[in-house]
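Comments concern the structure below.
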Amino acid sequence: MKAIAVYPGKPNSVHLEDIPKPSVGDVAGGTGVLVRVLKVGVDATDREINDALYGNSPPGFEYLVLGHESFGVVEEVGPHVRNLKPGDYVTATVRRPGGSIYDQIGTYDMTSEETYYERGINLLHGYLTEYFVDSSDYIVRVPPGLKHLHVLMEPISCAAKAVHQAFEVQRRMKVWRPRTAYVLGAGQIGLLATLILKLRGLDVYTLARSQAPTRNSEIVEGLEATYVSTTETPIESLIAKTGKADLIIDATGSSAMAFGAMKALGHNGVLVWTSITGGKKNVEVPSDEINIDWVLGNKLLLGSVNANREHFESGIKDLALGEVMYPHVVEKILTNPVDGIDNYAEMMRLLVEEKTALKVYVNVADE
Ligand code: BGC
Ligand code: ZN
């Protein structure tokens, strides 16, 4: 069967591979689930892998099959699979456990080991192919009523983890009642974080460079959050209006912005960094000012990567609630379909060149 792959370490090596079709029996213990892939989303991580800035192939392979944002339908299940049956819509988690205590309790997104295993990214093949198989432990059901949001399950799991971690860590405050949240970046993660924070009742300001109206600004407004173009309104002017933020989620993909955000956080607040920046950029920061401000304000910086099954499940619930609260808004994220695995070159072109592409995804097969 066909797969879209790269040679990690070799820039712009995206190509088609012919790989064997897996079967449920490939997973020991009878918990295998064979999934027929319907759609797979791609993001900046895939672009960076193709730029040879990130990612590794599995041991014994020269190539790495891409794709970590999966959506498919169950074709067959092993004898010990519970709660999943042929015909169910599903997605799959991305990271697989290593050996640390965190891995062993199902929180592989928090592994303490340097080496991490991620399907389609690091040391494991991904989902940009016709079928994949995995243990039911990593397969998450998608309600049929959300199938129009298909490839957003993985992205929202990352946003869900970031927000969840922020609330978890803020239990250090005996009372934490955040009111104002800034979301930096109006890409897929920024928009999905906007949704989750709105559903938690915060006043959400989503910041991006472009002047409204854009598709992104329309989505923000559709979620009843406030879109702020930093071209028109510098962050200082926003702070003058709203006060510093209690919670900031950076999803800009720019390390300069991630550091810049440190100026906008209020006392006792938390700043969450979510972007994967594969480059080697250096920025100058006002380190004395930030240092004193952060000490005097008991402020916290938190990195958040990946997501485990729990975050997929809570993200999917938020998508469902989002459909009821803000009907037909989130689907506007799904901007750029590519038809068929054969069109891998067009997929990469959109990812690299199409600045307005909010979400590029491949239609692998019809139902
Ligand atoms: C993926 C995450 C992954 C991260 C780092 C992101 O694009 O969505 O699942 O953990 O890259 O590899
Ligand atoms: Zn991703």
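The values are calculated or read from the model by the stated rules, or taken from the named source; none is laboratory data. These numbers come from a predicted model, not from an experiment. Positions of Cβ are backbone-derived with ideal geometry, glycine not excepted, and every protein chain shown enters the neighbour counts. For accessibility, only protein heavy atoms count, side chains too; no ligands or nucleic acids. Shrake-Rupley method; radii C 1.70, N 1.55, O 1.52, S 1.80 Å.
Among the listed pairs K174/K241; K174/K299; K198/K241, a Cα-Cα separation exceeding 23 Å is found for K174/K241. Spatial offset of segment 34-113 relative to segment 293-307 amounts to 29 Å, using the alpha carbon center of each.
In units of the rule-of-thumb radius 2.2 N^0.38 Å, segment 290-367 shows an alpha carbon radius of gyration of 1.65. For the pair segment 216-257 and segment 128-178, the centres of their Cα atoms are 23 angstrom apart.
Rounded to the nearest 20, the Cβ-based charge dipole of the chain about its Cα centre (Lys and Arg +1, Asp and Glu -1) stands at 980 debye.
Leaving out ligands, DNA and RNA, what percent of the accessible area of segment 140-241 is carbon and sulfur, probe 1.4 Å?
Working: 2050 of 4360 Å².
After summing per-atom areas, the C and S share lands at 47 percent.
Computed over protein heavy atoms with a 1.4 Å probe, the accessible surface of the chain works out to 45 Å² per residue. A simple packing score, the average count of other Cβ atoms within 10 Å per residue, orders the peptides 249-261, 153-165 as 153-165, 249-261, with the highest score first. In summary, the lysines within cross-link reach of K281, defined as a Cα separation below 22 angstrom excluding same-chain residues under 8 places away, comprise K10, K263, K355. The chain has equivalent-ellipsoid semi-axes of 34, 21, 21 Å, by the square roots of 5 times the alpha carbon gyration tensor eigenvalues, sorted largest first.
For segment 251-367, the relative contact order comes to 20 percent (Cα pairs under 8 Å, sequence separation of at least 6). Per-residue 3J(HN,Hα) values for segment 190-204, derived from phi via the Karplus relation 6.51 cos²θ - 1.76 cosθ + 1.60 with θ = phi - 60°, read x, 5, 6, 5, 4, 4, 4, 5, 4, 5, 8, x, 8, 7, 10 Hz in sequence order (x marks Gly and Pro). Loop-located trypsin sites (Lys or Arg not before Pro) in segment 82-150 (DSSP state not H, G, I, E or B) with no more than 12 neighbouring Cβ atoms inside 10 Å: R82. Between the amide H of K299 and those of N268, distances stay under 5 Å, these residues lying 5 or more places away or on another chain, with hydrogens modeled in the peptide plane.
About the centre of its Cα atoms, segment 157-303 shows a dipole size close to 460 debye [charges on the beta carbon of Lys, Arg (+1) and Asp, Glu (-1) only; nearest 20 debye]. Relative protection proxy for 64-74, 349-359, from highest mean packing down: 64-74, 349-359 (other beta-carbon atoms within 10 angstrom). To the nearest 10, the accessible area of E323 is 30 Å² with a 1.4 Å probe. Taking all protein chains as present, what is the carbon and sulfur share of the accessible area of segment 2-80, in % to the nearest whole number, probe 1.4 Å? Solvent-exposed carbon and sulfur of segment 2-80 make up 51 percent of the total.
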